[in-house]
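Structure record follows, encoded as structure tokens.
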Amino acid sequence: MTDYTEHEMYLRRVLSNSIGSMNPSEEAKKTARKFSNSYYMDYKQKLLNDYADMTLDDIENSEIISTSFGDTLKIAESEKIKFEITDNDFKRQINNNLKLLPKIGIKTEQNLKNKGYSTIESLKKHDKYCDIASSFLDKIDDLSFAEIVEILDNNRYSKKCRDNILKSISLTERENFKFMDIETLGLSNVPIILIGIAELKGNRIISTQYFLREIYEEGAVIEAYLSHLDEDSVHVTFNGKSFDVPFIKNRCLYNRIDANMDFPHLDLMYFAKNLWKDQLPNCQLQTIERELFGIEREGDVPGQYIPDYYNAYLNEKNIGPIVPIIEHNRQDIVSLASFLEKMYEEVN
């Protein structure tokens, strides 16, 4: 019988969980299969079989709604949520950030604080910065949330002060957050097939999704989504600054929809990397769900398979392949609310 040291036993155990090892474990084989193309092709066929006798009418909490671009499918769900944004007196905190003033960087701020200028208010007595400090403080009380986010976001040192943008959300009403995610037929110049938006109402989160039953309904899907937005809206997304919002703008142009999408935007992907990159394997949305919230998705479909699943729905006239896509989208937008609350709690 071969004797192994504790370290050797550990290495054998780790390597057995790798599909590339000489003797992979059953767990490794199961994991590898779950991420293989054949797994998702088999899963699609299973969905086609399971939902063969069902129609869109069988999707719970769904209804057909009308817009000026025609009809589309709306799916709405409500669930309880814990979401607390306690007051942090953020405008007072702004007063401590000298870098918000022009020509004051990290070193200059430190030098000024070493000389006793610890707040913007105190700079009103400084020979060089008195005028810009006075001007800034005169207008700060009248600034809207959108204007404050713009100041923080455009500041050249905002990457080093990213926590301030998260802290600033105490200045707006929680009902203004629009947790949003889209599903598309590709990465550019193709239709949006699903838009999900989640909103906070009391102690509940309401997720509303608009689904493209046929390709020609894209205009109706976009217009239905836009009906949730007003001048106080705040976009909350995960990689939405780079993808979701520009994509919607492009499809608005294609469908000749005149839309204002220029709202304050909290892209939680950037905040996640800033806060959690050292404690997580990666900062993907589902990794955060699993590692920080204990959420393990079952029956999920990765984004790269969504176009194929949607086309199967169209070609087979079978709702099976789009059922997990709708659930995938709903889980994404609801998770964003939990992410935002946890981020706010950590930075405060």
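The values are calculated or read from the model by the stated rules, or taken from the named source; none is laboratory data. None of these values were measured; they are calculated from a predicted model. So basically every Cβ, Gly included, is an ideal-geometry build from the backbone, and we count neighbours across all protein chains shown.
Some observations on this one:
- Residue within the stretch 58-80 that is β-branched (Val, Ile, Thr), more than 18 Å from residue 162 (Cα to Cα) and not assigned by TED's automatic domain parsing to the domain that holds residue 198 present: no
- Hits in the stretch 201-231 (condition: assigned to a helix (DSSP H, G or I) and small (Gly, Ala, Ser)): 219, 220, 224
- Checked against (1) free of Cβ contacts under 8 Å to residues at least 24 places away in the same chain; (2) crowded, with 17+ Cβ neighbours inside 10 Å; (3) more than 15 Å from the chain's Cα centre (by Cα); (4) over 25 Å from residue 219 (Cβ atoms), residue 290 meets all criteria but (2).
- Of the residues making up the stretch 250-262, just one is within 16 Å of residue 150 (Cα to Cα) and touching a helix residue (DSSP H, G or I) at 6+ places or on another chain (Cβ under 7 Å), namely 261.
Matching residues to (1) within 30 Å of residue 221 (Cβ to Cβ); (2) in the same structural domain as residue 236 (by TED's automatic domain parsing):
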site	(1), (2)
103	no, no
111	no, no
120	no, no
139	no, no
147	no, no
153	yes, no
181	yes, yes
192	yes, yes
196	yes, yes
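- Of all residues in the stretch 266-314 being assigned to a helix (DSSP H, G or I) and touching a strand residue (DSSP E or B) at 6+ places or on another chain (Cβ under 7 Å), the one that is nearest to residue 342 (Cα to Cα): 268
- Selection of first residues in the stretch 311-327 that are in contact (Cβ under 8 Å) with a residue 24 or more places away in the chain and of second residues that are charged (D, E, K, R), restricted to Cβ pairs under 7 Å at least 6 apart or on distinct chains, gives the following pairs, ordered by first then second residue: 312/44; 320/50; 321/44; 324/300; 325/183.
- Screening residue 253 on (1) farther than 28 Å from residue 323 by Cβ; (2) of a type in the set (A, V, I, L, M, F, W, C); (3) surrounded by 14 or more Cβ atoms within 10 Å (Cβ to Cβ) shows it passes everything except condition (3).
- Residues in the stretch 232-259 that are assigned to a loop (DSSP other than H, G, I, E, B) and more than 23 Å from residue 168 (Cα to Cα): 243, 255, 256, 257, 258, 259.
- Residues that are part of a loop (DSSP other than H, G, I, E, B) and free of Cβ contacts under 8 Å to residues at least 12 places away in the same chain occur in the stretch 47-58; there is at least one.
- Subset of the stretch 282-315 (residues that are acidic (Asp, Glu) and at pLDDT below 95): 289, 291, 296, 298, 300
- Residues that are under 22 Å from residue 270 (Cβ atoms) and touching a residue at least 60 places away in the same chain (Cβ under 8 Å), drawn from the stretch 201-242: 234, 236, 237, 238, 240
- Residues that are surrounded by 17 or more Cβ atoms within 10 Å (Cβ to Cβ) and within 15 Å of residue 155 (Cα to Cα) within the stretch 100-131 comprise 100, 101, 104, 109, listed in sequence order.
Results for (1) out of contact with any helix residue (DSSP H, G or I) (no Cβ under 6 Å at 6 or more places or on another chain); (2) polar (S, T, N, Q); (3) closer than 30 Å to residue 152 by Cα, shown as yes or no for each residue.
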position	(1), (2), (3)
232	no, no, yes
248	yes, no, yes
285	yes, no, yes
291	yes, no, yes
294	yes, no, no
313	no, no, no
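- Positions within the stretch 166-200 being in contact (Cβ under 8 Å) with a residue 60 or more places away in the chain, assigned to a helix (DSSP H, G or I) and of a type in the set (S, T, N, Q), in sequence order: 168, 170
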